[in-house]
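A.B. asks: Got a structure for you, questions after.
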Amino acid sequence: MQHGPVVRRRKLGAELRALRTSAGITSGEAAGLVGWHQSKVSRIETGTSGAKPADVRLLLDAYGVDDPRLRELLATLAGSEDPGGRHHWWHAYRGVLPPAYRDFISLESQASAMRTLETTVVPGLLQTPEYARAVTRAAVDGEPEDRLDTLVEVRLTRQDVLRSEPPLVLNAVLDEAVLRREVGGPGVMTRQLSRLVEAARLPHVRLQVLPFSAGAHIGVTGPFVIFSFSGTSDLDVVVLDHLTSSVYLDRKEDLEAYSGAFDALVTHALSPEDSLDYIAATAACA
């Protein structure tokens, strides 16, 4: 198990090595093309040292990689800048957001798909402003109002990935507890459940409810997120949130285990159509 930055370096290095090999270029030749010592290329490929976005762009140019989405993804894994050298939006909040949260946002912003199990609260990408404020207030109890405002603003800005082109494909399994836990009061919950119904009708959002009647299930150990990236499965990663940090799992066996767990949850959950009806009925009774 590793924290985000280590996983990002290792995944970035592995992908750059694969691209170099595919281009038929040795590490020594790559170093010559970009004007580096071979040891720097090796350190980047093994994840021993990080790479700046500009370094990544140099290597991708040398390897003839012109896929704009892949270039952007790899540059994002390298740091806080986009391919044009501009900072990504979350960089403006670096004084407020812990590194683990910024790292999570950067992966979320570049992922093509996200599978998530939520056992306690509505996924952040689907929260209403009122609900987001209530959840954030509970999580950072005692924080000043201006900091609370900033954290809510970040959570809502993250939702832009569902409106981008192409949008993030979101598959979410929600334990029934998510629908039943009253966050922010009855009015807030009613509006939040209505928001879920709206989201469930989007072509790129798939929501399923895991009812209490399903009994114990493989997800009782806690929520998790699986990020997938267009064009390659080698960059997929599982994220587990804890109270003070996030843990990133990127080994093949971990990814297979969590993907299998998610598939099992999907099987035991209500169908998307029945889930939509269930959420709507719950909202009517809230």
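The values are calculated or read from the model by the stated rules, or taken from the named source; none is laboratory data. Not measured: the values here are computed from a predicted model. Positions of Cβ are backbone-derived with ideal geometry, glycine not excepted, and every protein chain shown enters the neighbour counts. Ligands, DNA and RNA are excluded from the accessible area calculation, which covers all protein heavy atoms including side chains. Shrake-Rupley method; radii C 1.70, N 1.55, O 1.52, S 1.80 Å.
A.B. asks: Tally Lys and Arg at +1 and Asp and Glu at -1 over the other residues with C-beta under 10 Å from the C-beta of Ala214: what net charge comes out?
C.D. replies: Within the 10 Å Cβ shell, the charges total -2.
A.B. asks: Which shape class applies to the chain: rounded if a/c is under 1.5, otherwise prolate when a/b exceeds b/c and oblate if not, where a ≥ b ≥ c are the square roots of the Cα gyration tensor eigenvalues?
C.D. replies: Prolate shape, in that a/c is at least 1.5 and a/b is the bigger ratio.
A.B. asks: Let me cross-check Tyr101: its accessible surface, 1.4 Å probe, with only protein heavy atoms counted, in Å² to the nearest 10?
C.D. replies: Using a 1.4 Å probe on the heavy atoms, I get roughly 50 Å².
A.B. asks: To the nearest 10 square angstrom, how much accessible area does Asp61 have with a 1.4 angstrom probe?
C.D. replies: For Asp61, solvent-accessible area is about 100 Å².
A.B. asks: If you don't mind, another one. Sort out the exposed loop trypsin sites (Lys or Arg not before Pro) in the chain (DSSP loop, at most 14 other Cβ within 10 Å) and tell me the longest stretch that has none.
C.D. replies: 1-85
A.B. asks: Once you charge only the Cβ atoms, +1 for Lys and Arg and -1 for Asp and Glu, what is the size of the charge dipole of the chain about its Cα centre, to the nearest 20 debye?
C.D. replies: The dipole magnitude comes to about 580 debye.
A.B. asks: Continuing with the same structure: What fraction of the DSSP beta bridges in the chain is antiparallel, stated in percent and rounded to the nearest 5?
C.D. replies: 55
A.B. asks: Can I ask one more? In degrees, nearest 10, range 0 to 90: what is the angle between the Cα axis of helix 272-285 and the longest Cα principal axis of the chain?
C.D. replies: 50
A.B. asks: Apply the a/c threshold of 1.5 to the C-alpha gyration tensor of segment 97-224 and tell me whether it is rounded, prolate or oblate.
C.D. replies: Rounded, because the longest to shortest axis ratio a/c is under 1.5.
A.B. asks: With a probe of 1.4 Å, find how much accessible area segment 141-286 has per residue, and write the answer as a whole number in Å².
C.D. replies: 50
A.B. asks: Given the -39500 (n - 2.57) contribution per DSSP H run of 4+ residues, what per-residue ellipticity at 222 nm results for the chain, rounded to the nearest 500 deg cm²/dmol?
C.D. replies: -16000 deg cm²/dmol
A.B. asks: Which shape class, rounded, prolate or oblate, goes with segment 137-286 when its Cα gyration tensor gives a ≥ b ≥ c as root eigenvalues, a/c under 1.5 marks rounded, and past that a/b bigger than b/c marks prolate?
C.D. replies: Cα axes put segment 137-286 in the rounded bin.
A.B. asks: For a quick check, take a GNM of the chain with Cα springs below 10 Å and name the residue from Val178, Val169, Val65 with the largest mean-square fluctuation.
C.D. replies: In this elastic network of the chain, the residue with the biggest mean-square fluctuation among Val178, Val169, Val65 is Val65.
A.B. asks: Where the only charges are on Cβ atoms (+1 Lys, Arg; -1 Asp, Glu), what is the dipole of segment 45-153 about its Cα centre, to the nearest 20 debye?
C.D. replies: Magnitude of the dipole: close to 100 debye.
A.B. asks: If you don't mind, there's one more thing I want to ask. State the answer as a single residue: which of Ala62, Val205, Gly142 lies farthest towards the positive end of the charge dipole of the chain, with beta carbon charges of +1 for Lys and Arg and -1 for Asp and Glu, about the Cα centre.
C.D. replies: The Cα lying farthest towards the positive end belongs to Ala62.
A.B. asks: Related question: With r defined as the distance between the Cβ atoms of Ala92 and Asp254 and R0 fixed at 41 Å, what FRET efficiency is calculated, to the nearest 0.05?
C.D. replies: 0.80
A.B. asks: Evaluate E = 1/(1 + (r/R0)^6) for Val220 and Ala281, where r is the Cβ-Cβ distance and R0 equals 22 Å; express this FRET efficiency to the nearest 0.05.
C.D. replies: Result of the calculation: an efficiency of 0.35.
A.B. asks: Determine the share of the chain's accessible area contributed by carbon and sulfur atoms, expressed in whole percent, with a 1.4 angstrom probe.
C.D. replies: 53
A.B. asks: Rounded to the nearest 10 Å², what accessible area does Thr150 show when all protein chains are kept and the probe is 1.4 Å?
C.D. replies: Rounded to the nearest 10, the figure is 30 Å².
A.B. asks: If you find the alpha carbon centre of segment 194-210 and of segment 257-273, how far apart are they in angstrom?
C.D. replies: 15
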